[in-house]
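Below you'll find the structure, written out as structure tokens, and then a few comments.
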Amino acid sequence: MFKTIKRIMQWSSEYKSRIYAGFVCSFFMSWAAAFPTLIAAYCLEKVIVSCWNDTPLDGALIWQSLAAMVVCIIVRFALSYAKNVLQESVGYEVAAKERIGLGDVIKRVPLGYFAKNSVGDILAGITTELSALELQSMKMIDSVVNGYINLAVIVICLLAVSPLSAAIAVAATLLSALVLHGISKHSEKTSKIAHKAVEDLSGAVIEYIQGLSIVKSFGQEGVSMQHTKQSCEDLKNINLKIEYGFTPFNCLHLLILKAASVCLIVICGIGALKGDMSVFSFLMFVLFSFTIFSHVENINDAAHVLGLVDSAMNKLERLKNTDFIDKDGKDIDLDSYDIEFKNVAFGYDSRTVLSNVNFTIPQNTTTAIIGPSGSGKTTICSLLARFYDVNSGTITVGGKNIKEFTCDSLLKNISMVFQNVYLFNDTIRNNIMFGDPDATEEEMIRAAKNARCHDFIMSFPDGYDTVIGEGGSSLSGGEKQRISIARAMLKNAPIVILDEATASIDPENEHLIQEALSELTRGKTIITIAHRLATIENADQILVVNDGTIAQKGNHRELISKEGIYRKFIKIRENAEGWKISNSY
């Protein structure tokens with residue numbers, strides 16, 4: 001338990017001076033809370049003595065006691081306010097920085113990381129685990145540390161009157177601490193199971209939402225919901241099992257403290273009957289016996305939560321300690337943009353995708369990459385952008401090995417337009433400005449015009465301030481593609497990768513997309529994965545990829561004159577693009 005408190009302190013070390021100041025406030029606040037009990041015991045003693053001796057009670061005592069209690073209440077309120085101001089916001093401030101830091105981590109890991117770690121797992125780490133720390137970390141510190149501070153103040157008061165009573169209180173506290181340690185250990189053990197259940201539920205919900213269109217089209221809502229229902233049921237059962245496991249520990253913890261309170265009353269009662277204890281001391285003991293362990297009793301909930309917090313911190317540390325793909329990279333500025341693959345080999349886990357790939361792309365030329373599905377075309381582009389690292393061989397840009405770059409300094413030289421466009425749930429303006437957040441309004445509009453999307457944007461009531469749905473769901477495929485091209489234009493990178501950018505575009509939009517691509521690629525080094533004959537024929541160089549190797553290399557005229565994959569591919573494309581509807585019925 002205290003190990004977890006220490007980890008929380010280290011997690012929030014940037015703000016530890018505020019946390020320590022909160023402890024000081026709590027210490028004096030505990031005294032301000034204890035003094036009214038002492039004042040009440042003193043006043044009751046005066047009343048009892050006055051009744052026994054049949055002497056008048058000093059009327060000023062009432063007002064003096066009232067004034068002293070009011071002062072204690074005001075001081076306690078002021079210190080409580082100061083403690084909350086100092087400590088309560090720390091969790092939110094640290095968690096905000098952690099989320100930004102985790103965003104940077106995710107940006108710098110290889111894409112293979114997401115194949116090995118489910119989206120639900122990552123989502124749970126950034127949301128559930130961080131939320132647990134954000135909401136509970138400071139509350140747990142307040143409950144545990146300040147709870148024991150409050151107990152220490154009362155024990156000091158008891159020590160001045162009855163060392164035996166103080167010793168019993170300390171012994172009970174130590175025994176309860178052992179039980180709390182058991183709660184914490186049990187929580188650490190079960191929290192892994194609970195977190196796994198939460199991750200499974202997150203993954204099931206994400207999978208259900210993402211596949212909802214397929215589910216509806218096949219009318220299988222009940223079948224697809226079964227996984228989510230089962231995940232909910234598993235999470236419920238696990239949480240119930242965990243709670244049942246805590247019950248014996250909780251009961252034993254409370255039993256020890258309640259028994260200690262009874263012992264204190266018995267001791268003070270015996271002392272009073274023997275005449276060894278003054279009326280004031282007797283009343284003080286009786287009053288304190290009801291409150292001495294009140295703050296410590298609540299620590300059982302904290303011990304349970306701290307186990308969850310400890311598990312959450314383990315998860316976050318694993319996320320943060322993931323190896324960066326560019327951990328040894330430097331910011332490098334390039335003077336030229338020639339691209340070269342030398343003996344490159346790559347595979348996903350045990351599956352080999354590329355082997356012994358060699359080619360050069362001169363600056364300011366266009367290279368088309370063709371080949372059957374699964375041959376490794378997109379993988380070549382992903383390796384150039386360093387979404388993955390090669391297993392062997394080297395890739396250079398401008399004569400520099402891409403492993404020498406940071407991801408940011410490499411990717412600032414590359415614009416990418418994908419077949420499956422992703423747009424953010426934001427305004428059209430911000431989606432285009434994503435290419436260059438520092439661009440002016442005029443530059444943004446010029447990019448939109450060059451991408452042939454200005455006209456349809458202005459047809460919307462809110463123009464560039466139109467908010468599109470998640471993934472650009474409120475736009476057509478052609479509209480999304482042109483906005484993505486505008487975004488790439490605004491970035492104005494010297495290397496452009498087009499991954500089948502027109503493969504799924506309808507004929508009405510195709511000429512607009514081709515015009516936009518011509519604007520985007522003017523004067524750039526172009527790599528295009530394409531099946532369109534016009535794109536392939538006009539390329540300066542064509543790479544034919546087959547079974548993870550470069551089967552053929554050259555321009556259209558050179559390759560069409562040879563027997564091989566390219567000639568077969570061209571014939572297939574000519575037949576496909578030259579199809580017509582039969583007039584026979």
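Things worth noting here:
- Meets criteria (closer than 30 Å to S176 by Cβ and buried (at least 20 other Cβ atoms within 10 Å of the Cβ)) for I299: yes
- I369 meets each of the listed conditions (1) crowded, with 16+ Cβ neighbours inside 10 Å; (2) without any contact (Cβ under 8 Å) to a residue 12 or more places away in the chain apart from (2).
- Residue check for G59: under 30 Å from F324 (Cβ atoms) and either modelled with pLDDT of 85 or more or surrounded by fewer than 18 Cβ atoms within 10 Å (Cβ to Cβ) (or both): no
- Only one entry in D234, D276 is outside any helix (DSSP H, G or I), modelled with pLDDT under 80 and assigned by TED's automatic domain parsing to the domain that holds I183, namely D276.
- Filter pass, S89 being surrounded by 12 or more Cβ atoms within 10 Å (Cβ to Cβ), under 32 Å from the mean Cα position of the chain (by Cα) and at pLDDT 80 or above: yes
- Subset of region 317-375 [under 19 Å from A539 (Cα atoms) and either under 36 Å from the mean Cα position of the chain (by Cα) or part of a loop (DSSP other than H, G, I, E, B) (or both)]: Y337, D338, I339, F341, P362, Q363, N364, T365, G371, P372
- Only one of E519, E510 that is at pLDDT 70 or above, over 14 Å from I370 (Cβ atoms) and in a helix (DSSP H, G or I): E519
- Region 412-441 - residue that is modelled with pLDDT under 90 and among the charged types (D, E, K, R) and, of those, surrounded by the fewest Cβ atoms within 10 Å (Cβ to Cβ): D438
- Hits in region 376-397 (condition: in a loop (DSSP other than H, G, I, E, B) and closer than 12 Å to Y348 by Cα): G376, Y388, D389, V390, N391
- Of residues in region 555-575 being touching a helix residue (DSSP H, G or I) at 6+ places or on another chain (Cβ under 8 Å) and under 18 Å from K377 (Cβ atoms), the one surrounded by the most Cβ atoms within 10 Å (Cβ to Cβ): Y566
The values are calculated or read from the model by the stated rules, or taken from the named source; none is laboratory data. If you're wondering where the values come from, they're calculated on a predicted model, not measured in any experiment. Neighbour counts run over all protein chains shown; Cβ positions are idealised from the backbone, glycine included.
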